[in-house]
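Below is one structure, written out as structure tokens; comments come after it.
The values are calculated or read from the model by the stated rules, or taken from the named source; none is laboratory data. Since we're looking at a predicted model, the values are computed, not measured. When the accessible area is computed, the model is the full protein with side chains, heavy atoms only, and any ligands, DNA or RNA have been set aside. Shrake-Rupley method; radii C 1.70, N 1.55, O 1.52, S 1.80 Å.
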Amino acid sequence: MLAYLPRPPADTSRYGTFPQKPDLPAAPGAPVEDGGQQAAAAAAKRSAAMPNYPSAPRHGGFVPGEASLPPSRGSLTAQHHRGRPSWCPPPAPQEAGARLYPLHALSVANIPNSSRGRTSARSSTVPTPEGLQSRRCKLLEEDSPMVQAGKRQRQRYVTKVGKCQVNLGNIQDKKRFLSDIFTTIVDLKYRWFLFVFMMCYVVTWVVFGFIYFFDAWVRGDIGHQGDPEWQACIENVDGFVSALLLSVESQRTIGYGTRMVTANCADGVILLIAQSIVGSMIDAMMVGCMFVKISRPKKRAQTLIFSKNCVISCRDEKLCLMFRVGDLRESHMVDAKIRAKLIKSRQTAEGEFIPLEQSELNLGYDTGEDRLFLVEPQIICHVINRRSPFWDLSAESLRREQFEIIIILEGIVEATGNPCLAAGMTCQARTSYTEDEILWGYRFEPCMSLEKGAFQVDYSRFEMTFEVQTPAASAKELHELKELEKQEHSTLSLYWDHLLQPCAL
């Protein structure tokens, strides 16, 4: 549980840097207004064309020509590059007039990260040798044995295949499981289920066979074998093995005709009736459990696949967390729904520690976007807004956080040729993403094309991503920046209206 606590924050910058032109001196003889000219200059400088903000990949995606932190944060720069090998090039010097302006990016594929397994090789720029060397330095830093050892010690709440890593122990009230014996048997593993299935029949055969043998021995049927004048209660039973065969033949209604219960005694008839009733109950229960177990759509979830990584990039000028889901079968899921949970430990203001707290991630519940028509692979999007737990998450703080996102896809299995087979049964597929499986500044490659009058899905591109320019700041900081730009634009408009008013008069 302690693995989900956030790491101690490091005093690093959440913004990237943008080299700006130095402030132009005011022209001689220009009128000086009371604060209006300063606001106009600031607004003009803010609205000037600035380069796109480079993406901040998780595994060493270096953008050539990126400027370092300003001189006022030199100590932070030294702290950020601590442990860099001596042969790594130093960061580029920062211009004097550089400011921090995160911007939304264009939909242009940037240099892909070479450490990604199946990332496409699209690129619009050619990296310089210094950029490649710096990328190699960063890869060596992040893939060091200490970092890899820390990643291996991480315990997942849910595995990638959807298995919950939670073991229940010290359960005192075991009779609750016996009260729901049907569900208990169905939930058993197959090896134990088959063992219980066989033992139910074997035990009843042995028990009733012993009762038949005891009854024949007490009445003397065993000692009078071959006596034509003896009226036997159970004929042709001369030992325990023959009594066991009589028990099997009676319960399974085989009826070979050599061993049988006669009408000379009432207790033999009552015993035969009791075995028939018990055998019918065992057949109904065990066959029902077997049918339910083999028809459960648990294996159907193996054909519902999820992308190995999440990506964070801008969509419609909003920072979004996205992942991809797909269905490999031609028989589609009916009424498919998807939801997400954030698993993270935290400590309240009163000092209470909440281990593995679950919070909901909105995947379009209010707009109905969480209901999927899962015919082709779809990209599920979580908009990072004020109600999102990732509102304050930036590219730098993502490295310090420790959490897990649980994705749950539910749907009804479509009816097959047999209407009684898996019709109306709900299937659930699960997976999880940890913070080191989230790629900041990436998007998924398209995997659909139109061929010969039909849409073709290429699942070889299901996992592929490409790098895009994305602000490294959090959604909250981007929102505050937009509000500041709106205020400056409003101030600039009022200033020009004030200047143009005397001219109009």
task: Counting only heavy atoms of the protein chains, get the accessible area per residue of the range 300-479 (1.4 Å probe) and round it to a whole Å² value.
output: 47 Å²
- line: Amide H contacts under 5 Å for Glu404, restricted to residues at least 5 apart in sequence or on another chain and with H modeled in the peptide plane, are Ile343
- prompt: How much of the accessible area of the range 300-479, in percent, comes from carbon and sulfur atoms when a 1.4 Å probe is used?
  reply: 49 percent
- request: Over 31 Å between C-alpha atoms is what I'm after, so list which of Lys160/Lys452; Lys175/Lys337; Lys298/Lys452; Lys344/Lys476; Lys174/Lys308 land there.
  value: Lys160/Lys452; Lys175/Lys337; Lys298/Lys452; Lys174/Lys308
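Share of the range 187-295's accessible area from carbon and sulfur, percent, 1.4 Å?
After summing per-atom areas, the C and S share lands at 71 percent.
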query: Of all the Cα-Cα pairs you can form in the range 187-295, what percent are over 19 Å apart?
result: 48 percent
message: Taking amide H atoms as placed 1.01 Å from N in the peptide plane, list the residues 5 or more away in sequence, or in a different chain, whose amide H sits under 5 Å from that of Met425.
response: Val413
task: Send over a whole-number figure in Å² for the accessible area per residue of the range 187-295, probe 1.4 Å.
output: 60 Å²
message: Counting pairwise Cα distances across the range 300-479, what percent come out greater than 26 angstrom?
response: 37 percent
query: Using Cα-only point scatterers and the Debye equation, what is log10 of I(q)/I(0) for the range 299-345 at each q in 0.16, 0.18, 0.33 Å⁻¹, rounded to two decimals?
result: -0.65, -0.78, -1.25
